[in-house]
Amino acid sequence: MHRFEEFTTRFVQSIGKKEGPVSPVITQSASFGYGDPETAEGIFDGSIKQPLYARMGNPTSAQLEQILADMDGGAGAIATSSGMAATTLATMSLLKLDDEVISIGGLFGGTYSFFSETLSRFGVTTFFFDVEEYASIEAAITEQTKIIFLESVGNPNMRLPDIHAIAEIADRHGIVLIVDNTITPLSLSPLKMGADIVVYSTTKIISGNSSVLGGAAVFRAIKEGDDKFKTVRYKEVHKFIDKMGKMALIANARKRAMRDFGMSASAFSSYLTMLGLETLPLRMNRIIESIEKVAAALDAKGLHINHPSLPSHPQYLRYKELFAQGCGTLLTIDMQTQEEAYAFLRKTKLATITANIGDSRTLALHMASTIYSDFDDPTREFLGITPGLIRISIGLENPDDIIDDFLQASGR
């Protein structure tokens, strides 16, 4: 059964044109002419929707942003230069000195470093919890708490958060929930599950072929009546609500982050991302089917496989209930020691050894000696990084070929 049939039509029809150039037009210009001073004034105050300056966005990226917003049911989106740029934009548009962040579950190494090292240099404190520590999470909320942040699937520890439950905690206390949905586009719709902002590294499965670096943040609309963003906790956003109404979060992020940090996506990057997006539903469906087959086959042969589709996984029931559309491209193999992990990586003929994930081809990487090499032992333990851990990103190859190759590489 094809899981994402509605998107197969939606994406190709949104990206291609019926008149003029069928493929998206690349607007490769750093600046844009305004024509007259009145129009310039309107562009700068937001009343006229025309390009301002490429650092604030471009028409090619605007098309991508509209498609991604529609995909997630958001009010709008902002395309960025990378996935980390999207996370930076979403968080820094809301944070200030002495604010606090609560981070839940496993985290990609770069994201963990951003919260634990970079934000701390600017006076922002982050508290880290596992996905099931609900009482501790709630107890950690203070008047300074601005953001609860989580990954839809822990990368690479494969822990699955209950997004509904965490969203209820966030709403009960009036705290913004940001979900990194990089691994599970289409499979999950975090805004519909209670999130306020969704971030992506579009470099991964959305683009799908290692050709382009990119990211995006998708924002919900500000609600009429009561809304957490209208409280004193988010008073810096109020001026944008007064001026832009339901679109305030997009305006706030462009002005308070993109304008000043300059993490905008290039037109050519957005163009390549849209080309990848056209086939995302087909690739996601194929990979989700393959990964469950590969995980089961390798597990049956005695390899230490971590994937939520396996009954031995601690969130197996959650996978069946909340992740029925799959949880992305990742699984891990624990070879117990670094030496055994290296031996596996040397012997595999199919996997590409690289730090990327979500590619059309199967990828592999030893975690402890690469992305997490400068993390201390307690942090590695919290993030699920063991000495022999190999992260695998399943690609479009025949799953039987992947199984056969991994079995020979592991000596099974």
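The values are calculated or read from the model by the stated rules, or taken from the named source; none is laboratory data. If you're wondering where the values come from, they're calculated on a predicted model, not measured in any experiment. Here the Cβ is made from the backbone with ideal geometry for all residues, glycine too, and neighbour counts use every protein chain on show.
Structure above, values below:
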item: Odd one out for residue 35, checked against (1) surrounded by fewer than 21 Cβ atoms within 10 Å (Cβ to Cβ); (2) in contact with a strand residue (DSSP E or B) (Cβ under 7 Å, 6 or more places away or on another chain); (3) on the phi > 0 side of the Ramachandran plot; (4) of a type outside the set (Phe, Trp, Tyr); result: (2)
item: Subset of the range 163-175 [under 20 Å from residue 126 (Cα atoms) and either in a loop (DSSP other than H, G, I, E, B) or in contact with a Leu (Cβ under 9 Å, 6 or more places away or on another chain) (or both)]; result: 163, 166, 167, 169, 170, 171, 174, 175
item: Selection from the range 300-352 of residues that are hydroxyl-bearing (Ser, Thr, Tyr), surrounded by 15 or more Cβ atoms within 10 Å (Cβ to Cβ) and part of a loop (DSSP other than H, G, I, E, B); result: 309, 329, 348
item: Matching entry among 44, 11 (being surrounded by 19 or more Cβ atoms within 10 Å (Cβ to Cβ), of a type in the set (Phe, Trp, Tyr) and assigned to a helix (DSSP H, G or I)); result: 11
item: Residue list for the range 353-409, filter: over 22 Å from the mean Cα position of the chain (by Cα), crowded, with 19+ Cβ neighbours inside 10 Å and of a type in the set (Gly, Ala, Ser); result: 388, 409
item: Flag if residue 111 is crowded, with 20+ Cβ neighbours inside 10 Å, under 30 Å from residue 266 (Cβ atoms) and modelled with pLDDT under 95; result: yes
item: Some residue of the range 52-63 being of a type in the set (Val, Ile, Thr) and touching a residue at least 60 places away in the same chain (Cβ under 8 Å); result: yes
item: Only listed residue being in contact (Cβ under 8 Å) with a residue 24 or more places away in the chain, out of contact with any Lys or Arg (no Cβ under 6 Å at 6 or more places or on another chain) and within 30 Å of residue 288 (Cβ to Cβ), chosen from 273, 231; result: 273
item: Matching option when the condition is within 26 Å of residue 375 (Cα to Cα) and modelled with pLDDT of 95 or more, among 100, 138, 132; result: 100
item: Members of the range 300-350 found to be among the β-branched types (Val, Ile, Thr) and over 27 Å from the mean Cα position of the chain (by Cα), listed by number; result: 337, 348
item: Lone qualifier among 106, 83, 74 - being in the same structural domain as residue 138 (by TED's automatic domain parsing), of a type outside the set (A, V, I, L, M, F, W, C) and modelled with pLDDT under 95; result: 106
